[in-house]
């Protein structure tokens, strides 16, 4: 079952934490690729100097101002696509960056697309799942969408590390050290929890 719009229309930090263990589903060339989400980061509003919305409403950031539960996909570092889930009320720019997945279905296809390398990184998971600009602004709550997020498995707080976001380079404090990153310990979700 896909997570509904109401799941995303909440405080971004809550959504970021509760996406841990959810199923990211991508249908690519008729094959369903699925992974448990194992790492997320929250980006919240124009005052968050690590958030793209610090530049205000632009063509690039427009999806962040749109309805919750949509994808915000952007290109960075000249060679990586990054997938975010838009959160909070429409008109307020916030999103959760999906930073890593643990493949559970279609792993062979994902590994081939990654030339045998892992999916622990936002650019890596997008490469593994074939997520590009064409998925920007897709409704992640649609059960028939080729990119969606479904309910997954519960991951207890004891299995999740909370810390500072990574890769922010020259972002000033206090934004550089905000504990807005959620990561499954040891990068793996054990089934049966």
Tell me, yes or no, whether the stretch 151-164 has at least one residue that is farther than 22 Å from residue 4 by Cα, at pLDDT 95 or above and part of a loop (DSSP other than H, G, I, E, B).
yes
Got at least one residue in the stretch 153-162 being under 23 Å from residue 76 (Cβ atoms) and in contact (Cβ under 8 Å) with a residue 12 or more places away in the chain?
no
Looking at the stretch 104-122, can you tell me whether even one residue there is under 16 Å from the mean Cα position of the chain (by Cα), modelled with pLDDT of 95 or more, closer than 27 Å to residue 175 by Cβ and surrounded by fewer than 20 Cβ atoms within 10 Å (Cβ to Cβ)?
no
Scanning the stretch 43-65 for residues that are within 26 Å of residue 4 (Cβ to Cβ) and out of contact with any helix residue (DSSP H, G or I) (no Cβ under 9 Å at 6 or more places or on another chain), which turns out surrounded by the fewest Cβ atoms within 10 Å (Cβ to Cβ)?
62
Of the residues 172, 179, which single one is part of a loop (DSSP other than H, G, I, E, B) and touching a residue at least 60 places away in the same chain (Cβ under 8 Å)?
172
Any chance the stretch 77-89 includes a residue that's on the phi > 0 side of the Ramachandran plot and either buried (at least 22 other Cβ atoms within 10 Å of the Cβ) or within 16 Å of the chain's Cα centre (by Cα) (or both)?
yes
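Table: residues versus (1) surrounded by 14 or more Cβ atoms within 10 Å (Cβ to Cβ); (2) in contact with a helix residue (DSSP H, G or I) (Cβ under 6 Å, 6 or more places away or on another chain); (3) farther than 19 Å from residue 102 by Cα.
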residue	(1), (2), (3)
6	no, no, yes
10	yes, no, yes
19	yes, no, no
25	yes, no, no
35	yes, no, no
41	yes, no, no
67	yes, no, yes
72	yes, yes, yes
Wholly within the stretch 47-140, which strands (runs of 3 or more DSSP E) include no fewer than the required count, namely at least 2 residues that are over 20 Å from residue 8 (Cβ atoms) and touching a strand residue (DSSP E or B) at 6+ places or on another chain (Cβ under 7 Å)?
71-76, 94-105
The stretch 137-165 - residue that is within 27 Å of residue 28 (Cα to Cα) and touching a helix residue (DSSP H, G or I) at 6+ places or on another chain (Cβ under 6 Å) and, of those, surrounded by the fewest Cβ atoms within 10 Å (Cβ to Cβ):
137
Quick check, is residue 168 farther than 18 Å from residue 25 by Cβ and in contact with a helix residue (DSSP H, G or I) (Cβ under 9 Å, 6 or more places away or on another chain)?
yes
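The values are calculated or read from the model by the stated rules, or taken from the named source; none is laboratory data. Keep in mind it's a predicted model, so treat the numbers as computed, not measured. Cβ: placed from backbone, ideal geometry, glycine included. Neighbour counts: every protein chain shown.
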